[in-house]
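Trainee: So that we are looking at the same thing, I have put the structure below in structure tokens.
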């Protein structure tokens, strides 16, 4: 899965939250100053090329865009990319780093292990 830029992620978040959108509708979900329609159109084209977005023709020159990947699938792929890139494809190393940097406590880790064990029984 190709990584997304911050601006691309913002578009995807709006599509995941609101469903299929025309570019003008997408623009309406931004705070002022709103990005220009051409900027959004360019970003959507990039998202289509990356396989994240599809479109449906409404008229000859008007398209409705929709997410082709779910938020959950994107999160899972993003996590895999981070683990592969920074932790040598080792989830154990990633979790160990979280514990060492105190982003997750040993108690939280034990609770997570209990939950996983309960769900696998």
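Values in this text are rule-based calculations from the coordinates and carry no lab data. Quick caveat, the model's predicted, so the values are computed rather than measured. Cβ sites come from the backbone with ideal geometry, for glycine too, and all protein chains shown count toward neighbours.
Trainee: Once both labels are modelled 7 Å past Cα along the beta-carbon direction, what's the residue 109-residue 59 spacing in nm?
Mentor: 6.0
Trainee: In a Gaussian network model over the chain where Cα atoms closer than 10 Å are linked, find which of 80, 42, 59 has the largest mean-square fluctuation.
Mentor: Evaluated over the chain, the most mobile residue of the options is 59.
Trainee: When volume of the Cα convex hull per residue in Å³ is calculated directly from the model, which label among (1) 153; (2) 92; (3) 193 fits?
Mentor: (1)
Trainee: Follow-up. Could you work out which residue, out of 11, 44, 104, moves most in a Gaussian network model of the chain, that is, has the largest mean-square fluctuation with Cα springs under 10 Å?
Mentor: In this elastic network of the chain, the residue with the biggest mean-square fluctuation among 11, 44, 104 is 104.
Trainee: I'd like the distance separating the alpha-carbon centroids of region 96-121 and region 1-40, in whole Å.
Mentor: 35
Trainee: Still on this structure: How would you rank 37, 95, 23, going from fewest to most other Cβ atoms within 10 Å of each one's own Cβ?
Mentor: On the way: 37 13, 95 16, 23 19.
Listed from fewest to most nearby Cβ atoms, that is 37, 95, 23.
Trainee: For helix 6-18, what angle does its Cα long axis make with the longest principal axis of the chain, in degrees from 0 to 90 and rounded to 10?
Mentor: Its long axis makes an angle of about 80 degrees.
Trainee: Separate question: Exposure proxy check: 98, 92 ranked by fewest other beta carbons within 10 Å?
Mentor: If I rank by nearby Cβ atoms, fewest first, I get 92, 98.
Trainee: Pick from 48, 111, 72 the residue whose mean-square fluctuation is largest in a GNM of the chain, springs joining Cα atoms under 10 Å.
Mentor: 111
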